[in-house]
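The values are calculated or read from the model by the stated rules, or taken from the named source; none is laboratory data. From a predicted model like this one, the values you see are computed outputs, not experimental measurements. Here the Cβ positions follow ideal geometry from the backbone for every residue, glycine too, while neighbour counts run over all protein chains shown. Note: areas computed on protein heavy atoms with side chains; ligands, DNA, RNA excluded. Shrake-Rupley method; radii C 1.70, N 1.55, O 1.52, S 1.80 Å.
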Amino acid sequence: AKFDPFPGPWRSYVDRKDEDFAIEYVRAMREALGPDFEILVEAHRRFAPQHAIRVGRRLAEFNIDWYEEPCLADNLALLKEVRAAVPIPIVTGEALYTKEQFAACLAERAADILNPDICAIGGITALLDIATMAQPHAVVMSPHNYNSPLIGMAATVHVSAVIPNFRITEYFVNFEDICRDIAITGLTVNEGWIDLPTMPGLGIDLDVERLRAHPHQEASKH
């Protein structure tokens, strides 16, 4: 289970009461889920290192599997400082968009896990390239997938099946209904596992007419 337990707006400073709320939230999750359930804590890039480190050290007692984006992803010095001080694997990547950015992250040893989004970095070959760069650094891949559990997810599944440093991929169940509505053939998910599609191409197919019933709409301007 991955969740952001930190209340309030995105900011560098974290109030003590908000920090305590987050710690108790994670404590309750661990007690409810038991010792073997994976807990992934998300911070959405909003902490200064002093807060990220203090929170990370407090989270360690709950056997957290990862600490995602505690600091700004494009300031590797901040992220590297946190990774050196916190005994939990550090994740970054969803807000990085080029192979050059990932190469710099790996060179600085700023993260243990990378989570690039295949729809944001340039597709299948880009994700393969980043995974290949990460492997000699002993960094694993956990692709981000906020876009949809359909086209982007299908492409991610194919890459995940062939990279040796794959760990886990993100899947948003709250997008399933709309994707089922536009899919002739979608992905099969069972108890947390996604079957590798065997049809041609990405292994999925869309109902184009149903897709056209959901046109892109520009945000209104005031």
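For this structure, a couple of remarks:
- Restricting P164, P149 to residues that are out of contact with any Ser or Thr (no Cβ under 6 Å at 6 or more places or on another chain), open to solvent by 60 Å² or more (accessible area, probe 1.4 Å) and either in contact (Cβ under 8 Å) with a residue 12 or more places away in the chain or within 26 Å of F37 (Cβ to Cβ) (or both) narrows the list to P164.
- Positions within region 39-84 being in contact with a Lys or Arg (Cβ under 8 Å, 6 or more places away or on another chain), surrounded by 21 or more Cβ atoms within 10 Å (Cβ to Cβ) and within 17 Å of A28 (Cα to Cα), in sequence order: V41
- Of all residues in region 109-143, those satisfying the criterion of being among the polar types (S, T, N, Q) and open to solvent by 10 Å² or more (accessible area, probe 1.4 Å) are T125, T132, Q135.
- H158 touching a residue at least 40 places away in the same chain (Cβ under 8 Å), touching a strand residue (DSSP E or B) at 6+ places or on another chain (Cβ under 6 Å) and either buried (at least 19 other Cβ atoms within 10 Å of the Cβ) or of a type outside the set (S, T, Y) (or both): no
- Qualifying residue in region 45-60 (condition: under 21 Å from D4 (Cα atoms), modelled with pLDDT under 95 and of a type in the set (F, W, Y)): yes
- Between D117, D74, D65, D112, the distinction of being farther than 23 Å from D15 by Cα and modelled with pLDDT under 95 belongs to D74 only.
- Number of the exception - F47 against (1) in contact with a Pro (Cβ under 6 Å, 6 or more places away or on another chain); (2) part of a helix (DSSP H, G or I): (2)
- Pair list, Cβ < 7 Å and 6+ apart or interchain, from region 7-36 residues that are closer than 16 Å to I53 by Cα to residues that are open to solvent by 60 Å² or more (accessible area, probe 1.4 Å) and modelled with pLDDT of 90 or more: I23/R58
- Subset of region 167-222 (residues that are farther than 30 Å from P89 by Cα, among the charged types (D, E, K, R) and surrounded by 10 or more Cβ atoms within 10 Å (Cβ to Cβ)): R180, D181, D205, D207, R210
- Test for L79: is it closer than 24 Å to E19 by Cα and either among the β-branched types (V, I, T) or part of a loop (DSSP other than H, G, I, E, B) (or both): no
- Taken over region 57-76, the criterion of being more than 18 Å from F102 (Cα to Cα) and in a loop (DSSP other than H, G, I, E, B) is satisfied by N63, I64, D65.
- Taking region 89-101 as the range and being of a type in the set (A, V, I, L, M) and open to solvent by 10 Å² or more (accessible area, probe 1.4 Å) as the test, only A95 passes.
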